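The values are calculated or read from the model by the stated rules, or taken from the named source; none is laboratory data. If you're wondering where the values come from, they're calculated on a predicted model, not measured in any experiment. With ideal geometry, Cβ positions are generated from the backbone for all residues, glycine too; neighbour counts draw on all protein chains shown. Side chains included, ligands, DNA and RNA excluded: accessible areas come from the protein's heavy atoms. Shrake-Rupley method; radii C 1.70, N 1.55, O 1.52, S 1.80 Å.
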Amino acid sequence: MLGFPQNVRRTQDADGYYISFSLEDKSVPSLISTENIKTAVGIDVGLKEFLTTNTGETVSVPKFYRKSQSNLARKQKKVSRKKIGSNNWRVAQNRIARLHQHIARQREDFHYKTAHKLVKGYDLISVVDAERRAEGRSEYQRFS
């Protein structure tokens, strides 16, 4: 380890236990001055598209849950046939938990890769605030 741990945390997931260490990092780079910014992008995060840039580039939403839905339904059906509390029931429940964990990790990986692509490609990233976007709408349009 590079420093003294600030915080240590133990968590349990479907596939086992994990230990996390929080360390103080003194090597964080400083901010770029506004004169040195060469490329900038504005992004809008939405529901139909994951994000849209000001240049018109869109990143579609990967439907990880929808793709795994039939597999999940099959595993849940198997659990429903087991006696609650038995070892076979626990194993089947763990298989469902691991599938949910797999879906969550796919989403997390997609988010990290998309963010990494944006950070490496642009010096400045501006995000549209959802509250500001809704200001132009009337009170009743939101409920239609």
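Couple of notes before you dig in:
- Any hit, segment 59-69, residues being open to solvent by less than 70 Å² (accessible area, probe 1.4 Å), under 18 Å from LYS117 (Cβ atoms), in a loop (DSSP other than H, G, I, E, B) and in contact (Cβ under 8 Å) with a residue 40 or more places away in the chain: yes
- Within segment 16-43, considering residues that are more than 30 Å from LEU99 (Cα to Cα) and not in a loop (DSSP other than H, G, I, E, B), the one most open to solvent (accessible area, probe 1.4 Å): GLU35
- Take the conditions (1) outside any loop (DSSP other than H, G, I, E, B); (2) out of contact with any helix residue (DSSP H, G or I) (no Cβ under 8 Å at 6 or more places or on another chain); (3) of a type in the set (A, V, I, L, M); LEU99 misses just one of them, which is (2).
- Here ASN88 qualifies as open to solvent by 70 Å² or more (accessible area, probe 1.4 Å), under 24 Å from GLY16 (Cα atoms) and not in a loop (DSSP other than H, G, I, E, B).
- Failed item, numbered, when LEU51 is tested on (1) open to solvent by 100 Å² or more (accessible area, probe 1.4 Å); (2) in contact (Cβ under 8 Å) with a residue 12 or more places away in the chain: (1)
- ILE125 falls short on exactly one of the conditions (1) of a type in the set (Val, Ile, Thr); (2) surrounded by 15 or more Cβ atoms within 10 Å (Cβ to Cβ); (3) more than 21 Å from the chain's Cα centre (by Cα), and that condition is (3).
- Residues being farther than 15 Å from SER60 by Cα and in contact with a helix residue (DSSP H, G or I) (Cβ under 9 Å, 6 or more places away or on another chain) - total across segment 106-125: 3
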